[in-house]
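K.L.:
Take a look at the following structure, please.
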Amino acid sequence: MQQRSYSSSIHQLRSAAAESVAELDIPTDLTKSTNINENTITEAEGKVLSYQTLPSTSASFAVVKLIEEELYIPQTLTAVGVGVAGDNDNGSVPLINSPNESYESLGLKNNQDIHSDESDKVELANALFGKSTPAKNDLGIQQKKKGAMADGDLTGRTVTFSNSATGLVVAHRHPIAFVLIDSDSSLNDDDATDTECTVSTKLVSINPSSIPNGSVVDYLGRHVSVLNDGSVGRSLPKATSSSSSSSGIDGISLSIDTNNMNTPPADSNQRPIFVQIPKISDIGLIDSPLVTGITAIDALTPIGKGQNMLVIGEEDKEEDSGKGVNKRKWMINLMRNVVNNYKYKVESGVSSTEEKSIRCFYGFTSGKNEVRSSVLNNIKEADIQDDIVTVVSNHDSSKSQDGDDEISATMEASEAVAVAAATCTLGEHHALTTGGDSVVIIDDINLHKSLWDITTRELVKVYGVNSVVEADLQGGSSSEMRGFFSSLIQRAARFKANKGGGSVTLVLLSTLPNPEEEGEDNSGEDEVTFEASDFDGMADKIKMRIDMLIKAKVPLTPTNLRKINLPVPKPSETENAKRLAIQHIEDLISMSDGQVWLDEALAQQGRSPPLDPSRSMTRVGIGADTRNCRADAPALRSVVGSLRFEFQQALDVMDSSLSTSTLPGASIEGDVRQVQRRDAYLLAMNQRTDEARKLSEECVALLAASQGYLDGQTTMGGLMAHVEKEVPQIVKSIDTTLDLSQEERNTLEGAIKGYFA
């Protein structure tokens, strides 16, 4: 069997090894004698390869090459699982043998694919296995010298430059670190390239205790003010309790011991911006629902406290047309409902032992002033500006001048990653220190992909096109990129009792290109019909959907594919960008606990919210045979019943434009009933972006639809007010206990029936 040939690039080899789950094949006695799994964290020296800044701001972005001491490695090194099946019994391929062995025998070209000197071999080993080889032993391994680079990921570490400027590592792709330099401490030299720096063991931290509700802060926890035009300036911090420390508000704190980054000292108010995702041993079952007050979400795609959930849809329209996916407005509505429902429980006398405190944190990553201004205005209109914490980027994309667009995009993306991490940190602090629940919304995570693509381009500049795997080079995804996103997505958790029992619910917005932005003349394209083979190079999920269309005898035309958001083969540049965006969404979905998909086509039909149930789902608790591991509220669980099945069946069978008034007669009586049921459920779930709902109101609407009372209706009129007047105690019980007994349900049905009698 022919062995696999490898490129000289250490990055390509590392990525190939990661994709194949490579492992260092080391003799047992060596492992025991040298503690090879020891994770000793030390400082790392570096040199600036490139430096970017905007004339209008002192913030900057540096690409730093980490400098490692020379090491020696075993004369024989293999990667288990990297080779083609059959190379060896375990599929391993020898990467480096004795210096006298021919590189051609390994499928490598000497001086092209790999250099023969020992230092390059060491760098190759470090890249493949993420750690250097420890202390000297009988096999000739020599321990790295003092000052060598630390093992593991350096994201979140403090970088200090020779002029005392400091920065934050926002991404690390060994041996390159990507550093965001704070606006107060930028490098001011025009010849910043080749500047030396040190990556510290200390993590950049913020002081969550100094950030009360109603605060607007940046990623370093500094209080800022946002003017009417959306520009960001500094402001005085909001008043805090006397027991709260104010240290660290206006600067970078370096007080956290990285060896205890997940459990900071009890006497410290600091918490790192970037921390490791929660350990499996620290998290428990997701056993309670987050009532969003958005009926379609709570009924069809419930979110559990401690879950991560994607919210996917096209870009929000700035004009107030009344239609569109309006992701941001729905998320603001979600926060308002969470805040108001918590206040209602407190006012209703629910004891603190029964109801944990809940706080909302909104991380706005965009550097566009007009969008930032619009979002904050919407928060004020919802009257929750004093009940949430908003984290914003300092970046101002409007200040970029001609030729600065690329630099501006880099600065915006790097700050976005820091903003998302800092928002999660605030939520984690509340959950871990109070045992309460946090709702963290990141708006949005597309800029994470932008930063990843920027790091890929920088690696290619330094090491060539073979320095990254093909997927990254083409704008797709690799296992390394998935790890980059997982470090954010997996920060959601329901913590065990020994960690306080709190939770962090993470809602991440992701934006698809708008259909109208295709900007191409598609006339005549429908004459082209594609074959299944045209989709061979695409993701498996896309190919599965293509097979379904073929079985349903749906022509694979560009128009039909676009209607259901499938990529068109042999695409234009715009279509290719959309294909990559959809592929990226598929990758994110595979890492998340669920997704809410808001569809532009449904919005144009008047659906509000325009939630597509066929592509929206939750992986928590659906189908579970235990009541204590569910994402949905017990009250809704008993009301919804077969809603998802019946609703989806009606949508699948009937054309979305069909209504009962257009059906010809009794011969399709079954279709009439399906359309009536579909329209009844749509009416029950119809909601404005500024309409608040309690759980009891959701139950009443869905129960009325399931009992047939909304068939043929166009409005629910005063149903909610009538039920609340007739059975106020049951309404209060639903909203405070989230449950509904059979006896209460019977009484509730009687009140609904009385309204329609």
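The values are calculated or read from the model by the stated rules, or taken from the named source; none is laboratory data. Because the structure is predicted, anything quoted here is derived from the model rather than measured. Here Cβ is always computed from backbone atoms with ideal geometry, including for glycine, and neighbour counts include all displayed protein chains. Only protein heavy atoms, including side chains, enter the accessible area calculation; ligands, DNA and RNA are left aside. Shrake-Rupley method; radii C 1.70, N 1.55, O 1.52, S 1.80 Å.
K.L.:
Please work out which residue is surrounded by the fewest Cβ atoms within 10 Å (Cβ to Cβ), limiting yourself to segment 279-321 and to residues that are among the hydroxyl-bearing types (Ser, Thr, Tyr) and out of contact with any helix residue (DSSP H, G or I) (no Cβ under 8 Å at 6 or more places or on another chain). Break it down stepwise before answering.
P.N.:
The initial filter retains those residues of segment 279-321 that are among the hydroxyl-bearing types (Ser, Thr, Tyr), namely 281, 288, 292, 295, 301, 321.
Keeping just the survivors that are out of contact with any helix residue (DSSP H, G or I) (no Cβ under 8 Å at 6 or more places or on another chain) gives 281, 288, 301, 321.
Numbers: Ser281: 8, Ser288: 19, Thr301: 25, Ser321: 10.
Among those residues, the one meeting the criterion is Ser281.
K.L.:
For segment 600-622, which residues satisfy the criterion of being farther than 24 Å from Lys305 by Cα and open to solvent by 10 Å² or more (accessible area, probe 1.4 Å)?
P.N.:
Glu600, Ala601, Leu602, Gln604, Gln605, Gly606, Arg607, Ser608
K.L.:
Still on this structure, please answer the following. Looking only at segment 215-235, count how many residues are among the small types (Gly, Ala, Ser), open to solvent by 10 Å² or more (accessible area, probe 1.4 Å) and either in contact (Cβ under 8 Å) with a residue 24 or more places away in the chain or at positive phi (or both).
P.N.:
Within segment 215-235, residues that are among the small types (Gly, Ala, Ser), open to solvent by 10 Å² or more (accessible area, probe 1.4 Å) and either in contact (Cβ under 8 Å) with a residue 24 or more places away in the chain or at positive phi (or both) number 1.
K.L.:
With (1) open to solvent by 40 Å² or more (accessible area, probe 1.4 Å); (2) modelled with pLDDT of 90 or more; (3) within 35 Å of the chain's Cα centre (by Cα) as the list, and His722 as the residue in question, which single condition is left unmet?
P.N.:
(3)
K.L.:
Among the residues that make up segment 195-206, is at least one of them assigned to a strand (DSSP E or B), closer than 16 Å to Asp218 by Cα and either over 25 Å from the mean Cα position of the chain (by Cα) or modelled with pLDDT of 90 or more (or both)?
P.N.:
Scanning segment 195-206 turns up at least one residue that is assigned to a strand (DSSP E or B), closer than 16 Å to Asp218 by Cα and either over 25 Å from the mean Cα position of the chain (by Cα) or modelled with pLDDT of 90 or more (or both).
K.L.:
When both residues are 6+ apart or on different chains and their Cβ atoms are under 9 Å apart, which pairs have a first residue that lies in segment 673-684 and is farther than 15 Å from Asp298 by Cα, and a second that is of a type in the set (D, E, K, R) and surrounded by fewer than 23 Cβ atoms within 10 Å (Cβ to Cβ)?
P.N.:
Arg673/Asp711; Gln674/Glu646; Gln676/Asp711; Arg677/Glu646; Arg677/Asp711; Arg678/Glu646; Asp679/Asp711; Ala680/Asp711
K.L.:
State which residue pairs qualify: first residue more than 10 Å from Cys699 (Cα to Cα) and in a helix (DSSP H, G or I) and inside segment 632-646, second residue modelled with pLDDT of 75 or more and not aliphatic (A, V, I, L, M) in any location, beta carbons under 8 Å apart, and separation of 6 or more residues or different chains.
P.N.:
Once the first residue is more than 10 Å from Cys699 (Cα to Cα) and in a helix (DSSP H, G or I) and sits in segment 632-646, its partners that are modelled with pLDDT of 75 or more and not aliphatic (A, V, I, L, M) give Pro634/Asp739; Leu643/Tyr681; Leu643/Ser706; Arg644/Pro613; Glu646/Arg677; Glu646/Tyr681.
K.L.:
Next question. If you go through segment 443-475, how many residues are in contact with a Gly (Cβ under 7 Å, 6 or more places away or on another chain) and open to solvent by 20 Å² or more (accessible area, probe 1.4 Å)? Break it down stepwise before answering.
P.N.:
Of segment 443-475, the ones in contact with a Gly (Cβ under 7 Å, 6 or more places away or on another chain) are 443, 453.
Add one more test, that the residue is open to solvent by 20 Å² or more (accessible area, probe 1.4 Å), and what stays is 453.
Adding up the residues that qualify gives 1.
K.L.:
Right, something else. Testing Asn746 on (1) open to solvent by 70 Å² or more (accessible area, probe 1.4 Å); (2) at pLDDT 90 or above; (3) part of a loop (DSSP other than H, G, I, E, B), one condition comes back false. Which one is that?
P.N.:
(3)
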